[in-house]
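All remarks here apply to the structure that follows.
The values are calculated or read from the model by the stated rules, or taken from the named source; none is laboratory data. In this text, all values refer to a predicted model and were calculated from it rather than measured experimentally. Note that each Cβ is placed from the backbone with ideal geometry, even for glycine, and that neighbours are counted across all protein chains shown.
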Amino acid sequence: MIELRIHGRGGQGNVVAAYLMAAAAIKEQRYGQAFPAFGAERRGAPVQAFVRIADAPIRRRSQVAEPDFLIVQDQALLHVPGVLVGLRSGGGILVNSVDSSEQLTEQLGHPTIAFGATALAQRHLGRPVPNTALLAAFLSLSEVLPLGSLAAALSERFKGKVLEKNLSLIEDAAQQVPGGVWRENRND
C-alpha cells in the first residue's frame, strides 16, 4: 500500500487532489481511499488530505500517520509543526516552491523535489491553484500510477475548456520533473 499525505491551505484544492488521486487508482483497477482533515474551515487555513492506493481492499480508516510521500502545496507550511512527522525513511517530499530541490533536501533531511506548481497553474489555468500540477509531478516522480489515469479522473470531474486546460497542465507538469526518480522509494 502507498500512503500519501497532502498539506496545503483552504482554497488550494487539497481535498480535490486527494479525491482525484483515489479516482485515478480506481481507473487502474486498484483500490483508492481519500479523505480530508480540517481545522478551521476557511480559505487559507491549513488543510490535510490523505490518500491510500493498494492492490487489495483497504481496511484502514485512520489518518495517514506514516506516509510514504508528502505533497506540500504551500512552502510556508514546512514551518508548521507536524508537517514532516511520520514520513517514512526514504520517503519523498514534493514542495510547491521556487527554491532549489537541493536546498530543500538539505533543510528538511529527506529527498525533496521543489516544483513551481503555482506559476505553472497560473499559466495554464489562469488561476494559482497548484493541486493538479503537483499530482502530475508526483505521478511522474513516483510512477505509482500512469499519468493517463489522472487524465481519466479529471475527465470525470471537468468538461470543455477547463478539462482541456487541466490536461495541458498535467502534461507540462509531468515533463518538468525527473521521471521515476522515486520509484525505488515506494512501499508497494
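Observations on the model:
- Qualifying residue in the range 100-116 (condition: within 18 Å of VAL16 (Cα to Cα) and surrounded by 15 or more Cβ atoms within 10 Å (Cβ to Cβ)): no
- Flag for ALA25 being in contact (Cβ under 8 Å) with a residue 60 or more places away in the chain, of a type outside the set (Lys, Arg), within 19 Å of LEU141 (Cα to Cα) and touching a Ser or Thr at 6+ places or on another chain (Cβ under 9 Å): yes
- Sub-6 Å Cβ pairs linking a first residue in the range 68-91 that is at positive phi to a second residue that is assigned to a loop (DSSP other than H, G, I, E, B) and of a type outside the set (Val, Ile, Thr), at least 6 apart or interchain, are GLY86/ALA65; GLY86/GLU66, ordered by first then second residue.
- Matching residues, the range 130-155, being surrounded by fewer than 20 Cβ atoms within 10 Å (Cβ to Cβ) and either of a type in the set (S, T, N, Q) or more than 11 Å from LEU167 (Cβ to Cβ) (or both): GLU143, PRO146, SER155
- Close pairs from the range 124-149: first over 20 Å from MET1 (Cα atoms), partner outside any helix (DSSP H, G or I) and among the acidic types (Asp, Glu), Cβ under 8 Å, at least 6 apart: none
- When residues of the range 159-180 are limited to those that are buried (at least 16 other Cβ atoms within 10 Å of the Cβ) and among the hydrophobic types (A, V, I, L, M, F, W, C), the one nearest to ARG88 (Cα to Cα): VAL177
- Condition met for ALA121 (buried (at least 18 other Cβ atoms within 10 Å of the Cβ), touching a Leu at 6+ places or on another chain (Cβ under 9 Å) and in a strand (DSSP E or B)): no
- Of all the numbered requirements in (1) among the basic types (Lys, Arg); (2) at pLDDT below 95; (3) crowded, with 16+ Cβ neighbours inside 10 Å, ARG52 misses one, and that requirement is (2).
- Checked against the criterion of being outside any loop (DSSP other than H, G, I, E, B), touching a strand residue (DSSP E or B) at 6+ places or on another chain (Cβ under 9 Å) and free of Cβ contacts under 8 Å to residues at least 60 places away in the same chain, the range 1-10 contains not a single residue that satisfies it.
- In the range 94-102, the condition of being closer than 18 Å to LEU134 by Cα, of a type in the set (S, T, N, Q) and free of Cβ contacts under 8 Å to residues at least 12 places away in the same chain is met by no residue.
- Of all residues in the range 11-22, those satisfying the criterion of being in contact with a strand residue (DSSP E or B) (Cβ under 7 Å, 6 or more places away or on another chain) and over 16 Å from LEU141 (Cβ atoms) are ASN14, VAL15, ALA18, TYR19, ALA22.
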